[in-house]
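Note sheet for the following structure.
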Amino acid sequence: MLEHLEELYKTALDELCKIENLADLELWRVRYLGKKSALIQLLRSLKTLPLDERREAGAQANKIKLSFEAELSEKKKILDEFSLTACLKRENLDVTLPGRQVFTGRLHPITQAINEICAIFNGMGFQIFEGPDVEWDYYNFEALNIPEGHPARDMFDTLWIDADRGSKARLLRTHTSPVQIRLMEQKRPPLRVVIPGRVYRYEATDATHESMFCQVEGLVVDKGITMADLKGTLFECARSLFGSERKVRFRCDYFPFVEPGVEVAIECLSCHGAGCHVCGFSGWIEVLGAGMVHPDVLKRVDIDPAVYTGFAFGMGVERIPMLRYGINDIRLFYGNDMRFLQQF
Amino acid sequence: MKVSLKWLRDYVDINLSPQEIAEKLTMAGIEVANIQASSSWDKVVVGEVVAVEPHPNADRLRLATVDVGAERIMVVCGASNISPGQKVPFAQAGAELFDGHTGEIICLKPTKIRGVSSTGMVCSERELGISDNYEGIMILPHDAPVGMSFGEYMGDTFFELEVTPNRSDCLSVIGIAREIAALTGQSLQLPNTAYQETGEEIKSFISVEIADSELCPRYCAGLISGVTVGASPLWLQQRLSNYGMRSINNVVDVTNYVMLEYGQPLHAFDYEKIAGRKIIVRRAFENERLNTLDGEQRVLNPDVLVIADTEKATAIAGIMGGAESEMTENTSVILIESANFDYVTVRRGSDALHLQSEASIRFSKGLSHRLPLPALKRAMSLLLEVAGGQAAGDIVDVYPAREEEKPIALTCGEVKRLSSLEMNIGEISKVLDLLGFACCQSKDPQEALVSVPYWRNDIHLPADLVEEVVRIVGYDRIPCTSLSAALPVYDAAAGLNLSQQRAANILAGMGFQEVLTYSLISLDLLQKVSPVQDLIGPMPLKLANPMTQEQEYLRTTLRPGVLSALARNQKLNEETLRLFETGKVFLPDDGGDLPREKRMLCAALCGTRTKASWHDRGEQQLDFFDAKGIVEAVLRRLSLQGEFKISDDPSLTPGNGAEIIIDGKKLGVVGELHPRVARSFALSGTVYLFEMDLDEISFFVAGEKKFQPVSKFPGAVRDIAVVVEEAVPYGEVKKYIEACSMVTQVELFDLYTGEQIPRGKKSFAVRVFYQSPDHTLTDEEVDKEQQKIMARLSQKLDVALRS
Ligand SMILES: [Zn+2]
């Protein structure tokens, strides 16, 4: 028995020395350490031996088993290292060959701009709200202090659904401001929202005019809101969009539904204020219309203007990528040429 | 609106450069779009006539020698009023002038007149475009510097202003001068409007009746008898010509001048032509006719307001005078109208008649009811100066809209509440004073009672006054602060349509390019998504005033836009394309309510599965399952489970499209685009399309989501092969397998038809994953479940198990 073990031990180690790969090593393991191997069989059959033989044979067999396990682990380490080294000895690839192609999609530059504007205002605690593209005259005009015949209607060339005029005439909203009214009819202050959406104008299309474009409207109503809050908020917005070095100008302007009214302009991106054709030689580019919510607008939605104040603003979305990337034709946005869209 | 710097200087001292003035006006709300120095009259200079001799060959022509500074030039001249010592405008060769007879623009060339060469011309006013006067040459004042360019001598700087609709007072030279005065801290010098009333009382000449006081809030009139209608003085002609207005005669010129100066349109009637010595302001009769000053016959209706006498209409109120009551050289008594007409009526009348005038533009902006009187006084005094005559005693002033003018109470607190600026009442009053507001102390030392000046009709509330104060002190004085108030309660449901944003991001991540197409579309394009060129959805909402046929209807589907975008890019030699749009469609409401605006997703793909490259020739064409796979991936990302069922959508090839169903509700379709539809969009190759209703999907996405514990116990995997009739869809098989609670996943790994199974049958090879959340499954348990599944399948679907 013991001799037999001795021989097994020698044969096994001789075989182990010759093994050159992990697969053969596994075969070796099964042969000498597997459930059906002679050694394991022997260990199992120990209890059938007389007690004195059992002790000696048991000790010997266990010693061999431990030795096999140690040798196996050692050999495995060597083979692992060997295969790793082999793995590293390879020809250089031509890394300039193109990779396997993956389709790349992008969001439309206008969607990207809207998402960016919303994210800026989300960061200042604004929520997002939306309203319909097809509106009543009441929301688009009357409720915003622009009754029929009002001179300010000249500011908006309107596409109408209904030929008959009146507050119940349907139209394509000319700005996102009607959503201010819808929001204030539904919710009470404090309000802090931005409203993205499409707007429409009866306007001949050219490089700087589209009959459809996007706006983001904003509205803040609460106790104690002042023009300083308006300036601070919109200054942050302009800086986030156009860089913190950019000069921002606030001037008086008129929109019927705000008082006082504000126009926000940034220093021209292409001439840095010196004057060029992009800015109409003024050095400034208008990016936002804004103002303190008109007391009559607040009254109309049952918010007491003696208690609450607020500010509202609206900005054209197309302008932002146009200015940033120097896009000189607004029609490119809705032309959907991949060669244009895949640049952003 | 254009305003001349020279003219502004009549009322206010301007020491700043035009650029500085423009900057101040712009910041205060009156945007200066452009500053222009006049540069007309190129090659025309101031000359001095040094000698006049007879022409050797013509009695009526003379030879004039003109000193133009650098040289003396002899020219032929036909004017009789030329004499030595005169300063005249002299045009050199190359100058552009108006032809004295035809009025056309001509370029002056050296010529020979009756044998004598002439290399220039002494000009009349008409030739220079200053007035209609061509009787004789234009004679300049003695101090005109010889050799100076005529443009420079006459010239000026002009501001092109963009006056906002609320500031009708700034459609006037004085209005702008007043702004400049306030912005530079000066007072305004207004023209003297005092005049002597030497004639009989106006009551004895004329009476005025306003038949419709709603449409004519005020009517003022003055009368001058014994006027001499003739040419205007040069300064008056010049100023009008700077504004592109031709000088007509002194009376008309004064009315135009005062309109530019005060912003109040005026009209002069020949008094003798007013029948019944009565002015009636009334609506026109249906089909009433009037010949207007522009030589057209106008057919009127009761929406138009007219100025009439007892017999007929003599002018369209606020828009244009009639030809019959026009001033002539023989006119000796004039009635000057200075009135206010309802701006909506003027605007509509002007639109309906397609007739715009300087007057109608101003009236339709809405002018102050208090403006007619000061403007009338100014016109009267100026008329007496340039046309002579005697003013009748008093004036007519019918003022149905007269209201008590209540001062507005403005507190320091209100200024601070809106603007954040801390100003005391003294500072506030000082700014308002500069703009012509009158501020009275109230009992409250923190409050001023502010009276609005006559020229402003846009100031009603304390907020309006706050704007006045702040725009003069400058918006720059307001600090920037961050919003400090408490945040409103966050309302996730109010947000941007969540599934729209998520679906767009998911698709872009899977290689789809987002496109945006117009909401407005042609009927033709909407019909193209049907193989029989018929509308698929409801009749779309139509615009009452479309700009073009291409943009006449509101889209009821995104398909035409997306397919057009696909076609456009195919034409650019892109064969393999994947694009999508998310956006609103507009489903009309039968009751005339607003349409239902539904948010949809539509995507289209065509070409090969991979792009051709050195790894892969890219020859595998897309099929239905590529499109479906994408739909499934989108749904998976949204944690939704979709079912698919054959669709009869007309845009899709019959039998090659599926409805997407979630919780028994149809939420979209996916399939192969009908070849006829593809052809109508000029698309090549097979196109796949899918569409989803994002509003519905949002509803499911917004639903509650519960965490599923991950089982700690190992599961088991078994393969089964089932042979079924060809007609049995895989979905049915899968449904019965999934019905077992231990099954966590079912994967089809082979679909076989062929020799090894009977004809008319097919075999699905399915890998089934079993797992229990609470124990390790034994082989016996799994076998038992598998037997149950097989039993159910054979019972429901008549399947045969295949080993
Ligand atoms: Zn510029």
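The values are calculated or read from the model by the stated rules, or taken from the named source; none is laboratory data. Note that the structure is a prediction, hence the values are computed from the model and not measured. With ideal geometry, Cβ positions are generated from the backbone for all residues, glycine too; neighbour counts draw on all protein chains shown. For the accessible areas, the whole protein counts, side chains as well, though only heavy atoms, and no ligand, DNA or RNA atoms are used. Shrake-Rupley method; radii C 1.70, N 1.55, O 1.52, S 1.80 Å.
Tell me whether region A:196-219 contains one or more residues that are open to solvent by 30 Å² or more (accessible area, probe 1.4 Å), away from the ligand (no atom under 16 Å from the Cβ) and aromatic (Phe, Trp, Tyr). Yes: one or more hits.
Would you be able to tell me the number of residues in region A:286-302 that are surrounded by fewer than 20 Cβ atoms within 10 Å (Cβ to Cβ), β-branched (Val, Ile, Thr) and out of contact with any helix residue (DSSP H, G or I) (no Cβ under 6 Å at 6 or more places or on another chain)? Here the count works out to 0.
Only one entry of A:Phe129, A:Phe103, A:Phe82 meets the criterion of being assigned by TED's automatic domain parsing to the domain that holds A:Gly310 and either at pLDDT below 90 or of a type in the set (Phe, Trp, Tyr) (or both), and that entry is A:Phe129. When region A:235-258 is filtered for residues that are out of contact with any Lys or Arg (no Cβ under 7 Å at 6 or more places or on another chain), among the basic types (Lys, Arg) and within 16 Å of the ligand (Cβ to nearest atom), the ones remaining, listed by number, are A:Lys247, A:Arg249. In the set (1) within 12 Å of chain A (Cβ to nearest Cβ); (2) closer than 13 Å to B:Ala503 by Cβ; (3) in a loop (DSSP other than H, G, I, E, B), B:Ile630 fails one condition alone, (3).
For region B:324-346, which positions are buried (at least 24 other Cβ atoms within 10 Å of the Cβ) and without any contact (Cβ under 8 Å) to a residue 60 or more places away in the chain? Residues satisfying the conditions are B:Ser325, B:Val346.
Checked against the criteria, A:Met322 counts as more than 10 Å from every other protein chain (Cβ to nearest Cβ) and either surrounded by 15 or more Cβ atoms within 10 Å (Cβ to Cβ) or within 16 Å of the ligand (Cβ to nearest atom) (or both).
Applying the criterion of at least 3 residues that are open to solvent by less than 80 Å² (accessible area, probe 1.4 Å) and not aromatic (Phe, Trp, Tyr) to the strands (runs of 3 or more DSSP E) found wholly in region B:51-124 leaves B:62-67, B:72-77, B:87-92, B:116-118, B:120-122.
Yes/no per residue for (1) without any contact (Cβ under 8 Å) to a residue 60 or more places away in the chain; (2) within 17 Å of A:Cys214 (Cα to Cα); (3) more than 8 Å from every other protein chain (Cβ to nearest Cβ):
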| residue | (1), (2), (3) |
| --- | --- |
| A:His108 | no, yes, no |
| A:Ala119 | yes, yes, yes |
| A:Phe129 | no, yes, no |
| A:Trp160 | yes, no, no |
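If the condition is being touching a helix residue (DSSP H, G or I) at 6+ places or on another chain (Cβ under 9 Å) and either in a loop (DSSP other than H, G, I, E, B) or among the aliphatic types (A, V, I, L, M) (or both), then region B:217-234 contributes B:Ala221, B:Leu223, B:Ile224, B:Val227, B:Thr228, B:Val229, B:Gly230, B:Ala231, B:Ser232, B:Pro233, B:Leu234. On the basis of being within 26 Å of B:Ser168 (Cα to Cα) and part of a helix (DSSP H, G or I), does B:Val431 make the cut? When the stated conditions are applied, B:Val431 passes them.
A:Asn328 passes every criterion in (1) away from chain B (no Cβ under 11 Å); (2) open to solvent by 40 Å² or more (accessible area, probe 1.4 Å); (3) away from the ligand (no atom under 16 Å from the Cβ); (4) not basic (Lys, Arg) apart from (3). The condition of being surrounded by fewer than 22 Cβ atoms within 10 Å (Cβ to Cβ) and touching a residue at least 12 places away in the same chain (Cβ under 8 Å) holds for only one of A:Gly166, A:Gly232, A:Gly243, that being A:Gly166. Of all the listed residues (A:Gly310, A:Gly232, A:Gly314, A:Gly291), the sole one being more than 16 Å from the ligand (Cβ to nearest atom), modelled with pLDDT of 95 or more and more than 13 Å from every other protein chain (Cβ to nearest Cβ) is A:Gly314.
Condition check ((1) within 14 Å of chain A (Cβ to nearest Cβ); (2) over 15 Å from B:Lys273 (Cα atoms); (3) within 34 Å of the chain's Cα centre (by Cα); (4) at pLDDT 95 or above) across all residues:
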| site | (1), (2), (3), (4) |
| --- | --- |
| B:Asn301 | no, yes, yes, no |
| B:Val306 | no, yes, yes, yes |
| B:Ser332 | no, no, no, no |
| B:Tyr343 | yes, yes, yes, no |
| B:Arg347 | yes, yes, yes, no |
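Residue count for region A:209-229, restricted to those that are more than 10 Å from every other protein chain (Cβ to nearest Cβ) and under 22 Å from the mean Cα position of the chain (by Cα): 4. Among helices (runs of 4 or more DSSP H) entirely within region B:484-574, having at least 3 residues that are more than 8 Å from chain A (Cβ to nearest Cβ) and buried (at least 19 other Cβ atoms within 10 Å of the Cβ) singles out B:498-509, B:559-571. When B:Ile137 is tested against (1) over 30 Å from B:Arg283 (Cα atoms); (2) hydrophobic (A, V, I, L, M, F, W, C); (3) open to solvent by 40 Å² or more (accessible area, probe 1.4 Å), exactly one condition is not met: (3). Residues satisfying the criterion are present in region A:259-269 (criterion: within 16 Å of the ligand (Cβ to nearest atom), open to solvent by less than 30 Å² (accessible area, probe 1.4 Å) and of a type in the set (Asp, Glu)). Which members of region A:270-282 meet the condition of being more than 10 Å from chain B (Cβ to nearest Cβ) and either away from the ligand (no atom under 16 Å from the Cβ) or farther than 23 Å from A:Cys214 by Cβ (or both)? The answer is A:Cys271, A:His272, A:Gly273, A:Ala274, A:Gly275, A:Cys276, A:His277. The criterion of at least 1 residues that are closer than 30 Å to B:Gln513 by Cα is met by the following strands (runs of 3 or more DSSP E) wholly inside region A:250-344: A:284-293, A:309-316. Taking every residue in region B:364-392 that is within 14 Å of chain A (Cβ to nearest Cβ) and pairing it with any residue that is open to solvent by less than 10 Å² (accessible area, probe 1.4 Å) and of a type in the set (A, V, I, L, M), at least 6 positions away or on another chain, the pairs with Cβ-Cβ distances below 7 Å are B:Ser364/B:Val346. Of the residues A:Ile285, A:Ile303, the single one that is in contact (Cβ under 8 Å) with a residue 24 or more places away in the chain and either within 11 Å of chain B (Cβ to nearest Cβ) or away from the ligand (no atom under 16 Å from the Cβ) (or both) is A:Ile303. Each residue in region B:688-724 was checked for being among the polar types (S, T, N, Q) and within 21 Å of B:Glu785 (Cα to Cα), and 1 pass.
Among the residues making up region B:40-50, a single one is open to solvent by less than 60 Å² (accessible area, probe 1.4 Å) and on the phi > 0 side of the Ramachandran plot: B:Trp41.
Within region B:16-37, the residues that satisfy the criterion of being in contact with a helix residue (DSSP H, G or I) (Cβ under 8 Å, 6 or more places away or on another chain) and open to solvent by 40 Å² or more (accessible area, probe 1.4 Å) are B:Leu16, B:Lys24, B:Glu31, B:Ile35.
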